Every structure is written in structure tokens, then in C-alpha cells.
1. Could you count how many residues in region 81-115 are of a type outside the set (Lys, Arg) and under 25 Å from GLU203 (Cα atoms)?
2. Please state which of the following conditions PHE185 fails to meet, knowing it meets all the rest: (1) within 17 Å of GLU37 (Cα to Cα); (2) out of contact with any Ser or Thr (no Cβ under 9 Å at 6 or more places or on another chain); (3) of a type outside the set (A, V, I, L, M).
3. Checking THR194 against (1) at pLDDT below 95; (2) of a type outside the set (Gly, Ala, Ser); (3) loosely packed, with under 13 Cβ neighbours inside 10 Å: exactly one of these is not met. Which one?
4. Given the structure, is PRO218 assigned to a loop (DSSP other than H, G, I, E, B), loosely packed, with under 13 Cβ neighbours inside 10 Å and either touching a residue at least 60 places away in the same chain (Cβ under 8 Å) or at negative phi (or both)?
5. Sort out which residues of region 184-214 are of a type in the set (Asp, Glu), out of contact with any Asp or Glu (no Cβ under 9 Å at 6 or more places or on another chain) and not in a helix (DSSP H, G or I), and write them in order of number.
6. Out of (1) surrounded by fewer than 16 Cβ atoms within 10 Å (Cβ to Cβ); (2) over 22 Å from PRO85 (Cα atoms); (3) out of contact with any Leu (no Cβ under 9 Å at 6 or more places or on another chain), the odd one out for LYS147 is which?
7. What number of residues within region 33-67 satisfy the criterion of being in contact with a Leu (Cβ under 9 Å, 6 or more places away or on another chain) and under 18 Å from GLU203 (Cβ atoms)?
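The values are calculated or read from the model by the stated rules, or taken from the named source; none is laboratory data. These figures come from a predicted structure and were not determined experimentally. Every residue, glycine among them, receives a Cβ derived from its backbone with ideal geometry; neighbour counts consider all protein chains shown.
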Amino acid sequence: MPASVGNSKTRRGWKRRRLVLLAVIFLVIVWIVCAREAGRWLVRGDAPAKGDVIVVLSGGMPYRAEAAARVFHMGYAPEIWVSKPAGPAGDLQSFGIHFVGEEDYNREILVHLGVPESAVHIFPDEIVDTEEEVAEIQREMRRTGMKRVIIVTSPQHTRRVRALWRRLGGGQLQLLVCAAGEDPFDADHWWRNTRDALAVVREYLGLANVWAGMPVRPVAH
């Protein structure tokens with residue numbers, strides 16, 4: 001084989017490898033950009049403003065309660081409501097074990113951070129998911145004549161809370177969603193740890209359920 005033919009094949013092979021390398025680099029860049037936007041898009045919080053009440057959604061302990069205490073001390077609302085997630089209290093009672101719910105810990109966090117105990121109120125009914133939480137908040141606001149609520153939740157949860165509020169008919173009730181800055185969620189690199197990755201997947205599945213008209217229902221109590 002003439003040397004010129006061998007050199008020509010070598011050059012073509014190098015060009016193909018270079019094109020493949022460039023394609024891989026391009027795909028990696030696209031993935032990073034899209035992945036970051038996927039995390040950032042979920043975060044849609046409002047700047048704190050005056051409201052009638054602050055609500056701490058269940059989950060994200062202790063970060064949501066910490067953020068709620070901060071909003072309270074900034075003077076944006078005179079009281080804080082705390083969600084009461086369903087727990088295994090009934091099952092544990094048969095073993096003689098007293099169950100301390102997340103709502104009790106959140107109340108302790110708030111009081112520890114200087115919120116007067118008289119300003120903290122726990123919802124009487126248990127909830128199993130965000131849909132029930134939002135519905136409960138709207139019912140209590142209508143019952144008490146309140147007009148604007150400040151809901152404190154994790155950053156990645158803010159967009160879904162807003163979508164649920166509209167879906168469940170907030171109507172004239174005004175909503176502010178405050179993202180808990182204390183939460184360690186990394187919107188730019190959420191794929192680097194299982195906590196954030198699972199949170200992003202859960203939020204997109206939850207949003208898909210809201211957009212589809214909520215065919216997936218909460219677990220029966």
C-alpha cells in the first residue's frame with residue numbers, strides 16, 4: 001500500500017474521532033445547560049410581603065420552620081400555621097410507644113427561634129400530601145376570613161405549590177410562596193446527590209399530575 005494512501009486513511013480516521021469527540025463535548029454541554037435549567041425552573045418563590053398568616057408545609061425539616069421564623073420576625077404576618085402530616089401514631093400506640101409528629105418538632109423549632117408559642121397553631125386534621133395541605137389552607141382561610149397567605153416550603157417545591165393553588169381554586173385568596181433559603185437544595189447541580197435528584201423527579205411527576213387534572217389521588221386516610 002502506498003504511503004500516501006495510508007496517510008489519507010489515518011487522516012480520515014483522526015477526523016472521525018475528532019468529530020465524535022466534538023459531538024460528545026457538545027452533548028455534555030447541552031446536558032449541563034438543560035439539567036441546570038430543569039432544576040432552576042422548579043424554583044419560583046416570591047419576595048416576602050405582608051400577609052395574614054405564614055404556613056409551614058410538612059417536610060424539609062428543619063429548613064422550612066427556620067425560614068418561617070425568619071419571615072415572622074421580619075414582621076410579615078402575626079401568626080404561623082403548621083401542617084400535620086399523617087404518621088404511624090395509631091400503629092405505634094398498640095406497642096405502647098408514643099409517637100411525636102413532625103408538626104410537634106416544627107413547633108419546637110419555631111419557639112426555639114423566638115416565635116411566641118401563642119402565635120403557632122397546628123392544623124387539626126392530618127394530611128398525606130401537598131394537595132391536601134393546600135386544600136386545608138384554603139378552607140381555613142375562608143373560614144377565618146383571611147385574604148393572603150405566605151406559604152414557606154423548599155425551593156424545588158415552590159412551582160408545584162403555586163400550580164396546586166390555582167388548580168384547587170384559590171380564587172380571590174392571595175398566595176405568596178416563600179422558598180426556604182436554609183434548604184440545601186442545589187438547583188444548578190441537583191443530579192450530584194440522591195436527595196436532590198429524587199426531589200426533582202418527584203416535583204416533575206407531581207406537576208405532571210396537576211397538569212393532567214390530578215388523576216393520581218392522595219392515599220386514603
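1. 12
2. Among (1) within 17 Å of GLU37 (Cα to Cα); (2) out of contact with any Ser or Thr (no Cβ under 9 Å at 6 or more places or on another chain); (3) of a type outside the set (A, V, I, L, M), PHE185 violates only (2).
3. Of (1) at pLDDT below 95; (2) of a type outside the set (Gly, Ala, Ser); (3) loosely packed, with under 13 Cβ neighbours inside 10 Å, only one is false for THR194: (1).
4. Working: assigned to a loop (DSSP other than H, G, I, E, B): yes; loosely packed, with under 13 Cβ neighbours inside 10 Å: no; either touching a residue at least 60 places away in the same chain (Cβ under 8 Å) or at negative phi (or both): yes.
Answer is no for this residue.
5. First pass over region 184-214, keeping only residues of a type in the set (Asp, Glu): 186, 188, 196, 203.
Adding the requirement that they be out of contact with any Asp or Glu (no Cβ under 9 Å at 6 or more places or on another chain) leaves 188, 203.
ASP188, the sole residue that qualifies.
6. (3)
7. Looking only at that region, the number is 4.
To keep it simple, each residue is scored yes or no on (1) among the hydrophobic types (A, V, I, L, M, F, W, C); (2) closer than 14 Å to GLU133 by Cα; (3) over 12 Å from the mean Cα position of the chain (by Cα); (4) outside the structural domain of ALA68 (by TED's automatic domain parsing).
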{"position": "ILE151", "(1), (2), (3), (4)": "yes, yes, no, no"}
{"position": "PRO155", "(1), (2), (3), (4)": "no, no, no, no"}
{"position": "ARG160", "(1), (2), (3), (4)": "no, yes, no, no"}
{"position": "GLN172", "(1), (2), (3), (4)": "no, no, yes, no"}
{"position": "TRP191", "(1), (2), (3), (4)": "yes, no, yes, no"}
{"position": "THR194", "(1), (2), (3), (4)": "no, no, yes, no"}
{"position": "LEU198", "(1), (2), (3), (4)": "yes, no, no, no"}
{"position": "ARG217", "(1), (2), (3), (4)": "no, yes, yes, yes"}
